[in-house]
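Some notes on the structure that comes next.
No lab work stands behind these numbers, since they all come straight from the coordinates. Here the structure is a predicted model, which is why all the values come from computation and not from measurement. Because the Cβ atoms are built from the backbone with ideal geometry, glycine has one as well, and the counts that use them run over all protein chains shown.
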Amino acid sequence: MMNLTLRQLRYFEALAQHRHFGRAAEACAISQPALSVQIKELEESLGVPLFERTARQIRLTAFGEDMASRVRDILRGVEEIGEMARITQSGGAGRLRLGVIPTIAPYLLPRFLRQLRVDFPDLELHVRETMTANLIEELRHGRIDAAIVALPVSEPTFEEMPLLSENFVLVRPKSEETAPVPAPEHLERERLLLLEEGHCFRDQALSFCGMPTARPHEGLDGSSLSTLVQMVGAGLGVTLIPEMAVSVETPTAEVTVSRFKDKQPARKIGLIWRKSSPLGPQLQKIGYTVQTSAVLRSPETLLNQRDKKLYATQISILK
């Protein structure tokens with residue numbers, strides 16, 4: 001029987017991810033020689049090489065590629081066993097590693113964190129802010145427990161819980177305050193400013209305007225909604241921002257905010273987690289807290305009437 005250890009599997013997973021002994025050792029908080037020894041012992045136990053080593057790079061062998069996906073499942077399963085034990089010991093409280101995308105985090109977090117502390121006083125919350133693709137990868141590998149993102153994500157191994165929906169608004173220079181609101185398909189003529197590639201909000205804005213996602217780069221993409229609004233205030237163009245960002249980003253800029261008359265661009269925001277996660281029931285309760293405390297303007301922002309009735313039923317059950 002092969003004597004594989006969880007430590008070896010964690011080191012293998014780190015090296016498979018970083019493809020560099022130094023970075024993998026740093027991620028595992030051990031020395032590079034110690035990591036090398038463990039990887040060598042793992043390969044000797046298996047009797048096959050896991051990595052191809054050259055002077056410039058490290059790549060997985062065919063067997064190593066097959067093993068990597070299985071090791072991720074094993075480590076995630078071990079993590080979930082630990083979560084089950086922690087939940088049992090703490091009576092449902094404990095640590096929650098929550099990911100949030102940048103176009104939601106600064107605006108939604110302040111709305112529900114206070115209520116979250118009231119509803120879950122023993123909850124230790126760790127927030128991770130990054131783009132959707134990174135959050136999906138980290139959630140898949142068990143590095144975070146849940147994430148608040150724009151739906152749908154359409155990952156078969158994830159549970160999706162819709163929380164709320166919101167419209168996008170048009171931000172223009174203050175000088176255009178009395179000008180007619182342009183049709184979505186005419187926004188490109190107005191020099192539409194967007195977030196840099198990798199943000200899902202960028203793709204949503206381009207889709208609404210009927211523009212290709214791979215449009216020519218003009219050197220005017222922003223790294224945050226705040227940057228985009230300030231660029232608009234400087235007269236460099238126009239932009240779209242989600243409704244929840246208006247009260248935070250526009251007061252200090254020389255801009256005007258307009259709503260589209262007919263077709264309303266919108267996004268649905270939700271909480272996602274792994275279907276196999278033992279935190280599922282707790283995450284549902286947390287989702288309801290987010291949903292009630294983060295209403296943007298009125299109850300009408302809570303999705304549709306059917307969702308609101310379902311939500312009211314679920315809240316009464318939880319109480």
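Please report LEU228, LEU164 as a ranked list, fewest other C-beta atoms within 10 angstrom at the top and most at the bottom. Walk me through the intermediate numbers first.
On the way: LEU228 28, LEU164 20.
So the residues, fewest neighbours to most, are LEU164, LEU228.
Mind checking which of ALA24, LEU9, VAL78 is farthest towards the positive end of the stretch 6-83's charge dipole, using Cβ charges of +1 (Lys, Arg) and -1 (Asp, Glu) about the Cα centre?
ALA24
Ignoring solvent entirely, what values of log10 I(q)/I(0) come out of the Debye formula for the chain at 0.09, 0.12, 0.13 Å⁻¹ when each Cα is a single scatterer?
Listed by q, the Debye log ratios stand at -0.60, -0.94, -1.03.
Positive end of the charge dipole of the stretch 73-191 (Lys, Arg +1 and Asp, Glu -1 on Cβ, about the Cα centre): tell me which of PRO156, ASN167, LEU113 has its Cα farthest that way.
LEU113
Of PRO182, LEU225, LEU240, which is farthest on the positive side of the dipole of the stretch 166-258, counting Cα position, with +1 on Lys and Arg Cβ, -1 on Asp and Glu Cβ, and the Cα centre as origin?
The listed residue farthest towards the positive side: PRO182.
Please give, to one decimal in nm, the separation of the simple spin-label points placed at ARG59 and GLU190, each 7 Å out from Cα toward the Cβ.
It works out to 4.8 nm between the two label points.
Mind checking the dipole of the stretch 63-184: about its Cα centre, +1 per Lys or Arg Cβ, -1 per Asp or Glu Cβ, Debye to the nearest 20?
Values: 14 positive and 19 negative charges, 79 e Å.
My answer is approximately 380 debye.
Given springs between every Cα pair under 10 Å in a Gaussian network model of the chain, which of LYS174, LYS275, LYS40 has the largest fluctuation?
Of LYS174, LYS275, LYS40, the Gaussian network model singles out LYS40 as fluctuating most.
What FRET efficiency comes out for the pair LEU4/SER224, r = Cβ-Cβ distance, R0 = 35 Å, nearest 0.05?
Details: r = 45 Å, r/R0 = 1.27.
Given R0 = 35 Å and the Cβ-Cβ separation, E is 0.20.
Over all Cα pairs of the stretch 154-208, how is the pair count split among 5 Å bins, expressed in % and running from 0 up to the last occupied bin?
For the stretch 154-208, the binned pair fractions read 4, 13, 20, 20, 17, 11, 7, 5, 2, 1 percent.
Would you mind getting me the FRET efficiency between VAL181 and ARG111? Use the beta-carbon distance for r and R0 = 25 Å, nearest 0.05. Walk me through the numbers before you get to the answer.
Working: r = 28 Å, r/R0 = 1.11.
Plugging the Cβ-Cβ distance into 1/(1 + (r/R0)^6) gives 0.35.
Can you tell me the dipole magnitude for the chain around its Cα centre, using point charges on the Cβ only (Lys, Arg +1; Asp, Glu -1), in Debye to the nearest 20?
On the way: 39 positive and 39 negative charges, 115 e Å.
Computed charge dipole of the chain: roughly 560 debye.
After finding the eigenvalues of the alpha carbon gyration tensor for the stretch 6-83, what semi-axes result from the square roots of 5 times each, listed largest first in whole Å?
Details: eigenvalues 76, 45, 26 Å².
Calculated on Cα positions only, the semi-axes equal 20, 15, 11 Å.
Grab the DSSP H runs of the chain that are 4 residues or longer, score each as -39,500 (n - 2.57), total them, divide by all residues and round the 222 nm result to the nearest 500 deg cm²/dmol.
Numbers: 11 runs with 139 residues, N = 319.
Helices in the chain give a 222 nm mean residue ellipticity of -13500 deg cm²/dmol.
Tell me the label-point distance for the pair ASN167, ASP203, using the 7 Å Cα-to-Cβ offset, in nm and rounded to one decimal.
Going by the 7 Å Cα→Cβ label model, 2.5 nm.
Bin all alpha-carbon pair distances of the stretch 166-258 at 5 Å intervals from 0 and give each bin's fraction as a whole percent.
Going out from 0 Å in 5 Å bins, the stretch 166-258 shows 2, 15, 28, 29, 19, 7, 1 percent.
If one puts a single equal scatterer on every Cα of the stretch 102-226 and applies the Debye formula without solvent, what log₁₀ I(q)/I(0) results at q = 0.12, 0.23 Å⁻¹?
For the stretch 102-226, the Cα-only Debye profile gives -0.61, -1.53.
Fully extended, how many nm does the chain gain between HIS18 and GLU44 (0.36 nm per residue separation, minus their Cα-Cα distance)?
Values: separation 26, 0.36 × 26 = 9.36 nm, distance 2.15 nm.
Separation in residues times 0.36 nm, less the Cα-Cα distance, equals 7.2 nm.
Pairs LYS40/LYS275; LYS261/LYS285; LYS174/LYS268: which exceed 31 Å Cα-Cα? List each step's numbers first, then the result.
Values: LYS40/LYS275 35 Å; LYS261/LYS285 36 Å; LYS174/LYS268 29 Å.
Among LYS40/LYS275; LYS261/LYS285; LYS174/LYS268, the Cα-Cα distance tops 31 Å for LYS40/LYS275; LYS261/LYS285.
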